[in-house]
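Accompanying notes for the structure given below.
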Amino acid sequence: MTTYRVAGKGRVDTGQPVTFTFDGKRFEGCAGDTVASALLANGVHLMGRSFKYHRPRGPVTAGSEEPNALIGTRRGAGQFEPNTRATVQEIWDGLETTSQNKFPNLKFDIGAINDFAYMLFSAGFYYKTFMWPKNFWHKVYEPFIRKAAGLGVSPTEEDPDTYASRNLHCDVLIVGAGPTGLAAARAAAVGGVNVVLIDENVECGGTLLSKPNAEINGMPSWDWLAAELVSLRSLGVKIMTRTTAIGYYHQNMIGMVEKLTDHLSDLPKDTPRERMWHVRAKQVILAQGALEKPLVFHGNDRPGVMLAGSAQTYLNRYGVLVGKRPVIITSHDSAWDAAFDLADAGADVRAIVDTRETVDEELQSQARMRGIGMKLSHTVTATSGRLRVSSIRVNPIDDGKAGDGLIIPCDALLMSGGWTPSLHLFSHTKGSLTWNEDQTTFLPKDTPEDCTIAGASRGLWGIENVLIDGASAGVKVAMALGKESQTRQHKVTHDRIGSGVSQIELPTDKSSGKAKAFVDFQNDVTAKDLRLAVREGMRSIEHVKRYTTNGMATDQGKMSNINGLNIAADALNKPQPQVGLTTFRPPYTPTTFGAFAGYHRGDHFEITRKTQIDSWAQENGAVFEPVGQWRRARYFPKRGEDMDTAVGRECRTTRAHVGIFDASTLGKIEVVGPDAVEFMNRMYTNPWTKLAAGRCRYGLLLGDDGFIRDDGVIGRMSQDCFHVTTTTGGAARVMNMMEDYLQTEWPDLDVWLTSTTENWSTIALNGPKAAKLLAPLVDGVELTEDAFPHMSCAECTVAGMPARLFRVSFTGEIGFEINVPAPMGRKLWETLWQAGQEHGITAYGTETMHVLRAEKGYIIVGQDTDGTVTPYDAGMGWAVAKTKKDFVGMRGLMRPDLVASNRRHLVGLLTEDGTKLEEGAQIVFDPHQAIPMTMVGHVTSSYHSDAMGRPIALALVECGQNRMGETVYIPMPDRTIAAKITSTVFFDPSNSRVKIPSGEML
Amino acid sequence: MTHTIATSPAGLLFGTQGVQISRMPPKARLSLRSRNANLMALSKAIGIPVPTKIGACDTKGGTEILCLGPDEWLVLSDVSDHIAEACEKLYASVPHSLVDISHREVTFNISGPQATELLTLGWPRDPASLRVGEGRRTVFDSATVVLWRDAENAYRMDVWNSFADHLFQFLQHGCRELAAQAY
């Protein structure tokens, strides 16, 4: 195979060959090559098929803005990435790469039929075509569009790589390590100012890497670069390469992604593939440079057609000639420079075609000196060659019209339409832009952030100019940080500054209606599409963009936005600023999901909180369920038991003997202070003043709106101290709500809140034998009905541990909740478990807890209430104090719709045929009414009740409390179930079981 | 028995050359809340002037007191019973809340040349803003923690019990990542 590598050129290591595959074929490149440069060195330009028309495509750039050369890269199982830019991916021994969007292969692709049907695929094609007939949408159009919309193949295996994240604080962050960024860093790194300089490329230098001929302060640019990097490091500047600033967020926070291993053939241990940096910089300097603009003409997307500056990069940085017989088409001086570099490296430059009538005489004489033919005032009207350009058609321009064409054979066409400043990150800051008519481009104006934009990204050209600008930006930020700094002298020779003109589509003698002159290469949008969008009524660039999809590909229009705007403005006959500029949004370049997820994947995806008793549950075969951030034991199956059997047994044993339950997750708040009781009166619906120390009360918490927010049993430990419990999921929310009221509404109250949820392990014992089991272990309290009646609390010792003991019941049985210092939880559990063996103890989980409480009609906030249920709706009017002056939600409860007569009430439901209802099932009064039926409520809780020997349910039903005994209907997909409205209390309505029988003694 | 941080004894949990993570022995701790006007009296009872600058920390004898908020302090003490008793006597004239939270948290000691760097993995604040001898209530890997900087590269981190395993796993992963880092 012919090699296009030029001896003595480039920064790659030709002594270190690297082998990789592309579509299964082995290729050799050098250490330091990208996939694109290595393939180009092997004469391969064809690297992919385009998105819509499946046209053959090759790289058009040498950087991260590449729209065409998107490939799949693979390292091993799960380590596959689609849509990687071949111009960025470094090669390593064993790298597997594949082309995309082709079938059966890259050189012969059936989808290319779209290319011949291009008249069908015009702008707005999907909007227009897929409207009718409507019933085609699901079966035909949507599957077609979905299939067509994807580029590349999503990986299906789990990604075995790891990803990381880090926070970084610095004085100055400089984005872009080209001449501007380097000069800025040198000027800013004074007096201990801490500077971070980043670049998305493998090495620093930016444009200097492509311009080895320039001399800075008498040194060849590459020598100057090397010396400068040494100086910067010795000044303490942190230099990060392969690091892309993807987004600029509020208050100088910048997101950066560092690629750590994608270039390595052997992955080092414990090293993440990518790291997301969250950077907070006092000052930011944006030095992202400028991107070269393509020219728009028929066939400008053929492999071998490339930006002139990129060809110069391939030559000088990688030592690769992109063609041996190139032609240049340009409207800017910079392409002349590229032509000279290629000619000097041995290329036979066939012609420089320039659309301008006059070009700098110095450039012309240099071309003549090299024997390069020039065609000024000329245009390109076509390219040919099946999979790579083999000739172009060149026409003279006379008075804006193209004359007769002349064919020039060539193997590459290098184009330049000038340069566009990179304003992406500046635009993220909500920075304003101003239109510059001379340069036909937007330039940065003001930004609300502490951000300075310098160099080519604010429209300056030439190495010397940007070095000076970078240095003054560095001085400026140093001063802003209170440090004196001085600009250093920068004198650059062989610095080609150059200028040019901006072009819309190049003039042509052919039918412009048939021209495939691409503006957005990645989304296959042509100039014709943009003009059609304007003809069809689009006026703003935002509409043109969405109608044509111009600039909406993953490259975010880095190549296409400004050409698109110029063409749309021309079609509208309006100046560009009146047509507008589309907004840039993060990320600057496509970013992996892994980088965003960072450490939060797999086991570490979300915090799983565990109680101190969790380990016992795990060792004893519990099945767990998540409750908020907690994991809780749901049930404890014995061998061969399914959930229903296990729960049935746990319920039965608890009601017959005794059950033990881990209630540690309940939220706990210590409310202390002289105004504690006043605070409780204001927060909760219940009255607290008369609650004696040593007694408990069920408390109900509402929102301002009068709806139930939380509940729990609250013990008055002493006159000025309440032990408040909340629901498991509501703990943090309730604490925040209380603090909010305390700090903003009642700062005069002398009362303070402390979260004690995790200070205690809480174990609930329930069942007829609970007191019998516990009494021998308790010191300080006598567990009789008289000495420690239901709803009592006390400080005592249990099994030798300091404890807060509550006599409460969420089951209707004799019940205790024992709080001991958290680390003692498991020890107490094991002690009780041991002592309980002779009483037939069972451990039970949340499922049994749910069933037992439902049998007693106790609500679960968030299950039987949904944020629209008042205490009265829930049948808990008894918990609302009648004589209090105020409490949170009192006003809300008076709202007309909350006192309306047709509210939904919580009631019990018993099905007539004994089937178990589905939670969430809708309820109707008349099952024979027309569909859609009027729904009057829904089932909130439904279980099989072992105690009742039948299923039971709780439901919210319109006026349910006034409809006791009536039948309602629950329509299900297969049948309609009839159920009778009952009280919510199914079991032991007289509460006889909660009492410790007198005479039961120990 | 299942191994968790909650059941681990005090001592080294994990270490690399760059950073060691250990569990500190339990120490009695109290949450103190009161109004500023009462601080003189409370300082006397506790035996240390109560600091008023958020993040400031004072130590004397076996007692350490950290200002967490405008009306909130964390007291660590070997003589917590005495403090509780002395404060209780003042309660009628000097209203305050003193709640025993000795069993709420696990304390990690994170130290070694890479300790500060390790914290940057999950701590969004600027390490330079936490001076030696100070402490903060802050977030680490999305959990609320109290963090003290005892020396340039030595930190203490208070973590609620149920978050300890999650955060330890994260710290351990981070230690390995730092150990593999090229210098």
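Nothing in this text is a laboratory measurement; each read-out follows from the coordinates by a stated rule. The structure displayed is predicted, hence computed values, not measured ones. Note that we place each Cβ from the backbone using ideal geometry, even for glycine, and neighbour counts take in every protein chain shown.
Peptide packing for A:727-736, A:175-184, A:490-499, A:190-199 was compared via the average number of neighbouring C-beta atoms within 10 Å per residue; ordered from the highest value, the list is A:175-184, A:190-199, A:727-736, A:490-499. Counting only the backbone N, which residues of the range A:661-700 are under 13 Å from the spot 7 Å out from the Cα of A:His790 toward its beta-carbon? Answer for this model: A:698.
Overall form of the range A:739-879: oblate. Here a/c, set by the Cα gyration tensor axes a ≥ b ≥ c, is 1.5 or more, and a/b is not larger than b/c. Using just its DSSP H runs of length 4 or more, each adding -39500 (n - 2.57), chain A gives a mean residue ellipticity at 222 nm of -6000 deg cm²/dmol after division by all residues. Between helix A:308-318 and chain A there is an angle of about 80 degrees, using the helix long axis and the longest principal axis of the Cα atoms. Taking amide H as placed 1.01 Å from N in the peptide plane, A:Asp333 has its amide H under 5 Å from the amide H of A:Ser499, A:Gly500, each at least 5 places away in sequence or on another chain. Taken as Cα centroids, the range A:832-861 and the range A:875-953 sit 25 Å apart, rounded to the nearest whole angstrom. Computed about its Cα centre, the charge dipole of the range A:14-111 is approximately 440 debye, with only Lys, Arg, Asp and Glu carrying charge at their Cβ. A straight chain from A:Met369 to A:Glu745 at 0.36 nm per residue would run longer than the Cα-Cα distance by 126.8 nm.
Note the angle between two axes, namely the Cα long axis of helix A:334-344 and the longest principal axis of the Cα atoms of chain A, as a number of degrees from 0 to 90, rounded to the nearest 10. Taking Cα atoms only, the helix is inclined about 60 degrees.
Relative to the Cα centre, the charge distribution of the range B:28-100, modelled as +1 at Lys and Arg Cβ and -1 at Asp and Glu Cβ, gives a dipole magnitude of about 260 debye. For the range A:435-530, the mean projected area of the C-alpha convex hull, equal to one quarter of the hull surface, is 10.1 nm².
Model label sites at A:Ser499 and A:Arg539, defined 7 Å from Cα along the beta-carbon direction, differ in position by 3.6 nm. Summarising the label geometry, the points placed 7 Å from Cα in the beta-carbon direction at A:Asp360 and B:Ser8 lie 6.6 nm from one another. Averaged over the residues of peptide A:605-615, the number of Cβ atoms from other protein chains lying within 10 Å of each residue's Cβ is 5. Could you list the residues of the range A:822-866 with an amide nitrogen less than 14 Å from a label point located 7 Å from the Cα of A:Trp878 in the Cα-to-C-beta direction? In the range A:822-866, the label zone of A:Trp878 (backbone N under 14 Å from the point 7 Å along Cα→Cβ) covers A:856-859. Sorting the segments A:333-342, A:161-170 by their residues' average number of neighbouring beta-carbon atoms within 10 angstrom, most packed first, yields A:333-342, A:161-170.
Charge tally around A:Asn759: other residues with Cβ under 12 Å, Lys/Arg +1 each, Asp/Glu -1 each, net 0. Note on chain A: percent of Cα-Cα distances in each 20 Å bin, starting at 0 and stopping at the bin with the largest distance, equals 12, 31, 24, 23, 10, 1. Electrostatic tally near A:Asp520: other residues with Cβ closer than 11 Å to its Cβ, Lys and Arg +1, Asp and Glu -1, net -1. Placing unit charges on the Cβ atoms of the charged side chains and taking the dipole of the range A:905-1000 about its Cα centre, the candidate lying farthest along the positive direction among A:Tyr969, A:Ile996, A:Tyr943 is A:Ile996. Counting Cβ atoms of other protein chains within 10 Å of each Cβ in A:758-764 and taking the mean gives 4.
Protection proxy ranking, highest mean first, for peptides B:122-128, A:383-389: A:383-389, B:122-128, where packing is the per-residue count of other beta-carbon atoms within 10 Å, averaged. Karplus-based coupling profile of the range A:616-627, in residue order and whole Hz: 5, 4, 5, 5, 9, x, 5, 9, 9, 9, x, 10, with θ = phi - 60° in 6.51 cos²θ - 1.76 cosθ + 1.60 and x standing for Gly or Pro.
Taking the Cα atoms only, what angle lies between the long axis of helix A:731-744 and the longest principal axis of chain A, rounded to 10 degrees? The angle comes out near 90 degrees. For the range A:253-260, putting each phi into the Karplus relation 6.51 cos²θ - 1.76 cosθ + 1.60 with θ = phi - 60° gives couplings of 9, 10, x, 10, 10, 9, 8, 9 Hz, in residue order, rounded to whole numbers and with x for Gly and Pro. Site pair A:Ala978 and A:Asn736 shows an inter-label distance of 4.8 nm when each label is modelled 7 Å from Cα along Cα→Cβ. Ranking A:Thr429, A:Gly960, A:Cys410 by Cα position along the charge dipole of chain A, where only Lys, Arg, Asp and Glu carry charges on their C-beta atoms, puts A:Cys410 farthest toward the positive end.
Between A:Ser512 and A:Asp404, the FRET efficiency estimated from the beta carbon spacing at R0 = 25 angstrom works out to 0.90.
In plain terms, the bigger the Kirkwood radius, the slower the diffusion; for the range A:246-380, with that radius from Cα pairs, at 37 °C and 0.692 mPa s, Stokes-Einstein puts D at 180 µm²/s. Taking amide H as placed 1.01 Å from N in the peptide plane, the amide H of B:Gln20 sits under 5 Å from that of B:Ser111, B:Gly112, each at least 5 places away or on another chain. The dipole here belongs to the protein assembly as shown: it is taken about the Cα centre, uses +1 on the Cβ of Lys and Arg and -1 on the Cβ of Asp and Glu, and is about 1660 debye. Please report the projected area of the range B:28-100's Cα convex hull averaged over all directions, in nm². The orientation-averaged projected area of the Cα hull of the range B:28-100 comes to 3.9 nm². Sequentially through the range A:836-851, phi angles give Karplus couplings (6.51, -1.76, 1.60; θ = phi - 60°) of x, 4, 6, 9, x, 5, 10, 8, 10, x, 5, 5, 5, 4, 5, 5 Hz, Gly and Pro residues having no value and appearing as x. Hey, if you drop one equal point scatterer on each alpha-carbon of the range A:1-71 and run the Debye formula without solvent, what base-10 log of I(q)/I(0) do you get at q = 0.14, 0.17, 0.19 Å⁻¹? Normalising to I(0) and taking log10 leaves -0.45, -0.65, -0.80. Only beta bridges with both residues in chain A are counted; by DSSP, about 75 percent of them are antiparallel. If you plug the beta carbon distance of A:Phe605 and A:Asp270 into 1/(1 + (r/R0)^6) with R0 = 22 Å, you get a FRET efficiency near 0.65. Given springs between every Cα pair under 10 Å in a Gaussian network model of chain B, which of B:Asn109, B:Asn38, B:Asn153 has the largest fluctuation? Residue with maximal mean-square fluctuation among B:Asn109, B:Asn38, B:Asn153: B:Asn38. Taking the dipole about the Cα centre of the range A:13-116, with the C-beta of Lys and Arg at +1 and of Asp and Glu at -1, give me whichever of A:Gly15, A:Gly48, A:Ala62 is farthest to the positive side. Farthest towards the positive pole: A:Gly48.
With 0.36 nm allotted per residue and the present C-alpha distance subtracted, the A:Arg488-A:Gln16 stretch has 166.1 nm of extension available. Peptide A:259-269 is shielded by partner chain Cβ atoms: per residue, an average of 1 of them sit within 10 Å of its Cβ. Just checking the listed ones, B:Asp141, B:Asp81, B:Asp150: in the Gaussian network model of chain B with Cα springs under 10 Å, the one fluctuating most is B:Asp81. For the range A:13-116, taking the reciprocal of the average inverse distance between every pair of different Cα atoms yields a Kirkwood hydrodynamic radius of 13.8 Å.
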